[in-house]
Amino acid sequence: MGWQNEEAVLPVQNGFDDSGQSRLNELGYKQELKRDLSVLSNFAFSFSIISVLTGITTLYNTGLTFGGPVAMTFGWFVAGFFTMSVGLSMAEICSSYPTSGGLYYWSARLSGVNWAPFASWMTGWFNIVGQWAVTTSVDFSLAQLLQVIILLSTGGNNGGYHASKYVVICFHGGILLLHALLNSLSINLLSLFGQFAAAWNVLGVFVLMILIPTVAPQKASASFVFTHFNTENDAGIHNKLYIFVLGLLMSQYTLTGYDASAHMTEETKNADRNGPKGIISAIGISIIVGWGYLLGITFAVTNIPYLLSSENDAGGYAIAEVFYQAFKNRYGNGVGGIICLGVIAVAIFFCGMSSVTSNSRMAYAFSRDGAMPFSPLWHKVNKQDVPINAVWLSVFISFCMALTSLGSLVAFQAMVSIATIGLYIAYALPIFFRVTLARKSFVPGPFNLGRYGVLIGWIAVLWVATITILFSLPVAYPITKDTLNYTPVAVGGLFVITVSWWVLSARHWFRGPITNIDSSD
């Protein structure tokens, strides 16, 4: 069957012990994946992908450069507040439609029978490409961190081994290979890794936020951490509001990936309740522990220009230099700092692992509905109920995206742009349909926002529209091919390709979500 114009109804058991499976059957899908995840496991996947240790560490240089302590400590809550608005709106929709397809399925249900195929097509491609870009950026950031760890372990920037871009891309390929192998395991084993990753992130944050400022002989004052606004940058930007906006990118990049809870719903028990819980708790806990990590590290910052200088021991990698100098100045060597970087490396590794898990489930669901080339291949599951082909596809595409770094880091930055903006556009589309076309017809599930649903939805949509514009602004002046912000080029290119594909081909054969269940099932 093609897309049916049937409105949602509240879940009933229909002979099933699990309300999520009952709801999945009502939506027209067979239970093909193993439904063994608890609410804790569902939360763990999203929390591991958000991974404050990953996002903050990777873009701490950006935060220090644009605004410094003020832009980070207060900008974190600005981004956190609006991210929670997006998360709450997504959780409400997830409760009504708990399927692995997540966002693109929601867009189809909420946009009405006439717009369903196109809305589903656009949302799905922005979502899946955004997810591939997230995996690319996460695993590449781990490869870069390994490069820095090796550099510091061999003597630092003056004489140490500095891995070439070809070595870094080999690191990246090896990391992706490990993630593919782990994601080939059963969901039971994978959920254990996910829970371990969540615990590692929480414990790692608390250890580092206390240890680093404690070890550092010189500490920043509270006045510096909460009131210092860094306007000194090599980008030629001096307007404080502009600087603050650019500094928000660190926080917003970190707080992404929580749609994983939606993509794991067909493997989660009572997903119409536990999927929303996974989304909201992952965001909320990340906001709290992330702020603690930011404060702890920033209290060890005393010389911003030196931390950002390519001449320092870590070659300009700010957090690595903070850790290394804290132990070197206290104990005469920076081994302790290198070990602390290892803690972060483990967190980033598991972040990438969970990202591949989410990618593969999205590819599985999207191909189930015939949206991808060679869809029957990516939709297959093995004897362990794992969409194995979708796992290896996701890893392969993420590796291909990273190859752009060999040509130019500017080109690679375009991939990172899609990871943030592209993914948030996919988040906003079903919410937009929820507050417009489906404002009166939407039937909520067990979790709902009541009369505040439309208001919170509009806040979420407007925030995504705002950051799409803000993060497309130039990040350096004068604008040259090396300083151009390629975000609008990357995201605009994805939009043009997706729409062109629709007009020239997909509109003739893609009908939106396709049910695969009949009365005998």
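The values are calculated or read from the model by the stated rules, or taken from the named source; none is laboratory data. Quick caveat: nothing in here was measured; it's all calculated off a predicted structure. Note that each Cβ is placed from the backbone with ideal geometry, even for glycine, and that neighbours are counted across all protein chains shown. Accessible surface areas use protein heavy atoms only, side chains included; no ligands, DNA or RNA. Shrake-Rupley method; radii C 1.70, N 1.55, O 1.52, S 1.80 Å.
Observations on the model:
- If R0 equals 41 Å, the separation of the Cβ atoms of residue 382 and residue 408 corresponds to a calculated FRET efficiency of about 0.60.
- Taken about its Cα centre, the chain carries a charge dipole of about 300 debye when Lys and Arg each add +1 at the Cβ and Asp and Glu each add -1 at the Cβ.
- Residues in region 160-176 reached by a label modelled at residue 150 [backbone nitrogen below 11 Å; 7 Å Cα→Cβ]: 161-172
- Of 184, 498, 166, farthest towards positive along the dipole that unit charges on Lys, Arg, Asp, Glu beta carbons give the chain: 498
- For the chain, the relative contact order is 33 percent, taking Cα pairs closer than 8 Å that sit 6 or more residues apart in sequence and dividing their mean separation by the residue count.
- Principal-axis tilt of helix 487-504 within the chain, Cα atoms, nearest 10 degrees: 20
- For region 251-403, the residue among 359, 387, 310 whose Cα projects farthest onto the positive side of the dipole built from Cβ charges is 387.
- Measuring with a 1.4 angstrom probe and ignoring ligands and nucleic acids, residue 452 comes out at about 120 Å² accessible.
- Environment charge of residue 261, counting only residues whose C-beta is closer than 15 Å and scoring Lys/Arg +1, Asp/Glu -1: 0
- Exceeding the 19 Å Cα-Cα cut-off - candidates 30/380; 269/440; 30/383; 219/328; 277/383: 269/440; 277/383
- Compared with the dominant Cα axis of the chain, that is its longest principal axis, helix 271-298 is turned about 10°.
- Each peptide in 156-163, 106-113 was scored by the mean count of other Cβ atoms within 10 Å over its residues; highest first, the order is 106-113, 156-163.
- Residue 385 - accessible surface, heavy atoms, 1.4 Å probe, Å² rounded to 10: 50
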